[in-house]
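The values are calculated or read from the model by the stated rules, or taken from the named source; none is laboratory data. None of these values were measured; they are calculated from a predicted model. Don't worry about glycine lacking a Cβ; one is built from the backbone with ideal geometry, like all the others, and counts go over all protein chains shown.
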Ligand SMILES: [Zn+2]
Ligand SMILES: [Zn+2]
């Protein structure tokens with residue numbers, strides 16, 4: 001049995017390079033793979049490995065007083081969901097182009113438990129904003145959420161200026177995969193003068209595991225940044241498919257990589273179109289020489 005750990009923590013890191021090299025060594029020793037980012041403002045990671053190794057890693061992290069209150073989201077998987085380990089130092093954990101750096105450790109939107117979020121979702125006066133990018137939204141999202149037409153997180157400030165100023169007096173609810181992007185997004189909204197700002201604590205993945213709400217009001221599946229591509233969230237009977245085949249617009253939840261090795265574009269494709277196009281995103285990719 002393997003586990004996938006997803007985690008982040010905002011805390012001052014005096015020597016990011018040192019922490020990164022310690023992380024690299026620990027993960028290599030334990031046989032963990034995945035992606036870890038270290039910044040002066042904290043750490044963000046997702047790793048996979050044998051269950052015992054993941055347990056050991058969590059104990060090591062929690063023993064470090066900087067990370068003693070860190071929350072790990074844990075998923076069971078049959079094997080590794082990453083090809084290799086990458087530990088990098090970056091100036092920010094999430095690239096978010098703002099004039100002044102945001103520090104969610106000091107100020108961020110109110111955290112809502114899955115139950116609180118579920119109840120607030122159903123109010124008429126709230127504005128629900130998907131805190132991710134357009135292609136993530138297209139595979140699955142909360143019912144009624146706004147779809148930011150952005151391809152990367154750094155485009156959010158401009159999108160907010162354009163789309164949210166008219167609703168600035170209403171409660172704003174945000175959510176993202178594991179919670180880290182909402183920490184920054186809601187910090188930014190508060191800084192911009194929005195006053196009633198909330199975020200889903202632990203993100204979509206925690207919401208799907210909550211035994212009380214069971215992922216209710218989530219439609220489709222949730223995009224994840226590893227080999228699984230997507231995970232199930234809604235475990236109730238009221239569940240809708242929202243994904244559409246890139247080629248024929250039929251409802252589908254199958255995300256595939258274009259077989260042209262120089263493209264590899266992830267796109268939704270129904271089974272028929274995958275066969276018909278030889279798993280290609282375009283006619284030119286279908287004829288490409290370097291194919292899987
Ligand atoms: Zn199709
Ligand atoms: Zn392609």
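Could you say whether any residue in the range 191-207 is out of contact with any strand residue (DSSP E or B) (no Cβ under 9 Å at 6 or more places or on another chain), more than 16 Å from ligand 1 (Cβ to nearest atom), in contact (Cβ under 8 Å) with a residue 40 or more places away in the chain and closer than 23 Å to residue 111 by Cβ?
Restricting attention to the range 191-207, the residues satisfying the condition of being out of contact with any strand residue (DSSP E or B) (no Cβ under 9 Å at 6 or more places or on another chain) are 191-193, 195.
From what is left, the residues that are more than 16 Å from ligand 1 (Cβ to nearest atom) are 191-193, 195.
From what is left, the residues that are in contact (Cβ under 8 Å) with a residue 40 or more places away in the chain are 191.
Those left that are additionally closer than 23 Å to residue 111 by Cβ: 191.
Yes, the range 191-207 contains a residue that is out of contact with any strand residue (DSSP E or B) (no Cβ under 9 Å at 6 or more places or on another chain), more than 16 Å from ligand 1 (Cβ to nearest atom), in contact (Cβ under 8 Å) with a residue 40 or more places away in the chain and closer than 23 Å to residue 111 by Cβ.
Quickly run through the range 89-109 and pick out the residues that are exposed (fewer than 15 other Cβ atoms within 10 Å of the Cβ) and in contact with a helix residue (DSSP H, G or I) (Cβ under 7 Å, 6 or more places away or on another chain).
Correct list: 95, 97, 107.
Listed here are the residues, each with its yes/no results for (1) out of contact with any helix residue (DSSP H, G or I) (no Cβ under 6 Å at 6 or more places or on another chain); (2) crowded, with 22+ Cβ neighbours inside 10 Å; (3) in the same structural domain as residue 202 (by TED's automatic domain parsing).
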position	(1), (2), (3)
127	no, no, yes
135	yes, no, yes
144	yes, no, yes
151	yes, no, yes
155	yes, no, yes
162	yes, no, yes
166	yes, no, yes
179	no, yes, yes
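State which residue is farthest from ligand 2 (Cβ to nearest atom) when the search covers only the range 216-225 and only residues that are over 26 Å from residue 84 (Cα atoms) and in contact with a strand residue (DSSP E or B) (Cβ under 8 Å, 6 or more places away or on another chain). Reasoning before the result, please.
As a first pass, look at the range 216-225 and keep what is over 26 Å from residue 84 (Cα atoms): 216-220.
Among the residues that remain, those that are also in contact with a strand residue (DSSP E or B) (Cβ under 8 Å, 6 or more places away or on another chain) are: 217-220.
Details: 217: 34, 218: 29, 219: 27, 220: 23 Å.
Once the filter is applied, the top-ranked residue is 217.
Each row is one residue, and each column tells you yes or no for (1) within 16 Å of ligand 2 (Cβ to nearest atom); (2) more than 30 Å from residue 167 (Cα to Cα); (3) touching a helix residue (DSSP H, G or I) at 6+ places or on another chain (Cβ under 7 Å); (4) part of a loop (DSSP other than H, G, I, E, B).
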site	(1), (2), (3), (4)
206	no, no, yes, no
211	no, yes, no, yes
214	no, no, no, yes
227	no, yes, no, yes
237	no, yes, no, yes
242	no, no, no, yes
247	yes, yes, yes, yes
281	yes, yes, no, yes
285	yes, yes, no, no
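Among the candidates 258, 263, which residue alone is within 16 Å of ligand 1 (Cβ to nearest atom) and touching a helix residue (DSSP H, G or I) at 6+ places or on another chain (Cβ under 6 Å)?
Values: 263 fails: within 16 Å of ligand 1 (Cβ to nearest atom).
Only one candidate qualifies: 258.
If you go through the range 199-215 one residue at a time, do you hit one that is at pLDDT below 95 and in the same structural domain as residue 156 (by TED's automatic domain parsing)?
So in the range 199-215, the residues at pLDDT below 95 come out as none.
For the range 199-215, residues at pLDDT below 95 and in the same structural domain as residue 156 (by TED's automatic domain parsing): absent.
Mind listing whichever residues of the range 259-279 are surrounded by fewer than 19 Cβ atoms within 10 Å (Cβ to Cβ), within 11 Å of ligand 2 (Cβ to nearest atom) and not in a loop (DSSP other than H, G, I, E, B)?
Listed by number, the list holds a single entry, 266.
When you scan the range 43-69, how many residues do you find that are closer than 22 Å to residue 183 by Cβ and under 17 Å from the mean Cα position of the chain (by Cα)? Lay out the reasoning, then the answer.
Here is the first cut: in the range 43-69, the ones closer than 22 Å to residue 183 by Cβ are 43-47, 58, 61-62, 64-69.
Subsequent filtering for residues that are under 17 Å from the mean Cα position of the chain (by Cα) retains 43-47.
So the count comes out to 5.
With the structure loaded, tell me whether residue 248 is within 16 Å of ligand 1 (Cβ to nearest atom) and either farther than 28 Å from residue 143 by Cβ or surrounded by fewer than 19 Cβ atoms within 10 Å (Cβ to Cβ) (or both) or whether it fails that test. Walk me through it before giving the result.
Details: within 16 Å of ligand 1 (Cβ to nearest atom): yes; either farther than 28 Å from residue 143 by Cβ or surrounded by fewer than 19 Cβ atoms within 10 Å (Cβ to Cβ) (or both): yes.
Yes, satisfied.
Keeping to the range 3-22, report how many residues are within 18 Å of residue 209 (Cα to Cα) and out of contact with any helix residue (DSSP H, G or I) (no Cβ under 6 Å at 6 or more places or on another chain).
Counting residues in the range 3-22 that are within 18 Å of residue 209 (Cα to Cα) and out of contact with any helix residue (DSSP H, G or I) (no Cβ under 6 Å at 6 or more places or on another chain) gives 3.
What number goes with the only condition from (1) at pLDDT below 95; (2) within 16 Å of ligand 1 (Cβ to nearest atom); (3) buried (at least 17 other Cβ atoms within 10 Å of the Cβ) that residue 226 does not pass?
In the conditions (1) at pLDDT below 95; (2) within 16 Å of ligand 1 (Cβ to nearest atom); (3) buried (at least 17 other Cβ atoms within 10 Å of the Cβ), residue 226 misses (2) alone.
What is the residue count in the range 45-88 for residues that are in a strand (DSSP E or B) and in contact (Cβ under 8 Å) with a residue 60 or more places away in the chain? Walk me through it before giving the result.
Quick first cut of the range 45-88, residues in a strand (DSSP E or B) only: 45-50, 72-77, 85-88.
Next, from what is left, pick out any that are in contact (Cβ under 8 Å) with a residue 60 or more places away in the chain: 46, 48, 72-77, 85, 87-88.
So the answer is 11.
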